[in-house]
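I have placed the structure first, in the form of structure tokens, so that the comments after it can refer back to it.
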Amino acid sequence: MVVFRGERIFRAPAHAMTHSARSVASPRVVSISDLRAIAKRRVPGSVFDYLDGGAEGEVTLRENCRVFEDVTFRPRHAVGFVECPLRTRVLGFDLAVPFLLAPVGYSRLMHPAGEVAAARAAGNAGTAYILSTISGHRLEDVKAASKGPVFYQLYLMGGRGAAEAVIDRARIAGFSALVVTIDTPVSGIRERDFRNGMKELVSGSALDKIPYLPQILAHPGWLMGYLRDGGTPPLPNVVVPGKGPMPLVDITAALAASTVTWSDLKWIREHWRGPIVVKGVLTADDARRSVDEGAAAISVSNHGGRQLDCVEASLRALPEVVKAVHGQTEILMDGGIRRGSDIIKALCLGARAVLCGRAYAYGLAAAGEAGVNRAIEILRTDLDRSLRLVGCPSVDQLDRSYVNVPANWDAD
Ligand code: GLV
């Protein structure tokens, strides 16, 4: 650890990086689900379940992944390409791959390097990173870690004063876009978090924490890193004017204070003045409203199945939104991406790129930056292989002709 501008910054020693990279190398890790299994062993159940779980019966969480099976490929065979470019453009930025790293709350609990590691890995891979409001590292440090574009995901925690302050900081630090999440009038009930005592562990008294400590003590490797990192820091990017950084709160309290309305979008846009991505669109109506409100991009999203359960899977909602928008704004999607072939299907259905959240966060929890690098490498090699197998010369030439889509998907 070194001290930089008064902040603790995690720097893994070179030999530890090598060890971490080896721990997630092939054949131990050949898919994202292998990273998930390692993450599950390495971090306490409460941290793993926060990352892995969804709302209520987790119907949408499961459906987000399963629905990719409903779309099958129509490959063109007997074609061969020397190169299959994976490049795309999002908000005017050239990205080396058609996926961005999505905002993931509490990343610093998954690994002390948290958001700094994820941003660095994204930048090294030539793609963008989206920093969550519920982050443990200062946004300036996160931006400085990445060679690529970094976007800031805004929750209105701490009120308008805190939001305006963070928007100003993000502009000065060089953030390229604001991502406004619109599906959090309250938090969905993530039952695993309640059972695991996430609230007590994150913001309770020492006495409140006692019943939940055995799962933490059972993960001494994670605990050592957490203690060395100084325990649970306040939220360095939610600075309430006159009060300082907001203490860490559990997700239910955080999202209850994060309601965004269309009228908020107006002052947010005036204050920010840069591109805005509206995240959490599932219907044609909200897509059109986002366009009217000046969104530069929208993300078709159900918050990874973590908010309202039993809404449609993101991929299933994509055609309706694509049809409604008529190319008037860029369309991204997130939810359920675990393989490069999932990304290809989303692109065939009209997304320009996707956001991956759990896919890289499993890597972060499993092995820090090396784990994020490995997740990105898996998705990139998957993409290249699948594109060649599908017989398409580049991701920007993917379209509906490469997939079979169930007939009722277009009836909307
Ligand atoms: C944060 O946005 C979460 O869904 O946990």
May I ask you to evaluate 6.51 cos²θ - 1.76 cosθ + 1.60, the Karplus curve with θ = phi - 60°, for each residue of segment 259-273 and list the ³J(HN,Hα) values in order in whole Hz, giving x for glycine and proline?
-> 4, 10, 10, 4, 6, 4, 4, 5, 6, 5, 5, 5, 6, 7, 6
How big, on average over all directions, is the shadow cast by the Cα convex hull of segment 28-140, in nm²?
-> 10.6
Positive dipole terminus of the chain, leading residue within Val142, Pro211, Ala367 (C-beta point charges) = Ala367
How large is ³J(HN,Hα) for each residue in segment 30-35, as worked out from phi by the Karplus curve 6.51 cos²θ - 1.76 cosθ + 1.60 (θ = phi - 60°), to whole Hz, x for Gly and Pro?
-> 10, 8, 4, 5, 5, 5
Sorted by chain and then number, the residues having a modelled amide H within less than 5 Å of the amide H of Leu100, at least 5 places away or on another chain, are Val354, Leu355, Cys356
With only Lys, Arg, Asp and Glu charged, each at its Cβ (+1 for the first two, -1 for the last two), find how big the charge dipole of the chain is about the Cα centre; round to the nearest 20 debye.
-> 1160
Against the rule of thumb 2.2 N^0.38 Å, how large the Cα Rg of segment 106-201 comes out | 1.16
Could you rank the peptides 162-174, 339-351 by their average count of other C-beta atoms within 10 Å per residue, with the highest value first?
-> 339-351, 162-174
Overall Cα dimensions of segment 2-411 - principal axes, largest extent first, Å | 63, 51, 40
Place the peptides 198-206, 368-376 in order of packing, highest mean first, counting for every residue the other Cβ atoms within 10 Å and averaging per peptide.
-> 368-376, 198-206
Under the Karplus relation with 6.51, -1.76 and 1.60 and θ = phi - 60°, whole-Hz ³J(HN,Hα) for segment 70-83, x at Gly and Pro, equal 6, 9, 10, 8, 10, x, 10, 8, 6, 10, x, 10, 5, 10
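Where a number appears in this text, it was derived from the coordinates with a stated rule and is not lab data. Quick caveat: nothing in here was measured; it's all calculated off a predicted structure. Note that we place each Cβ from the backbone using ideal geometry, even for glycine, and neighbour counts take in every protein chain shown.
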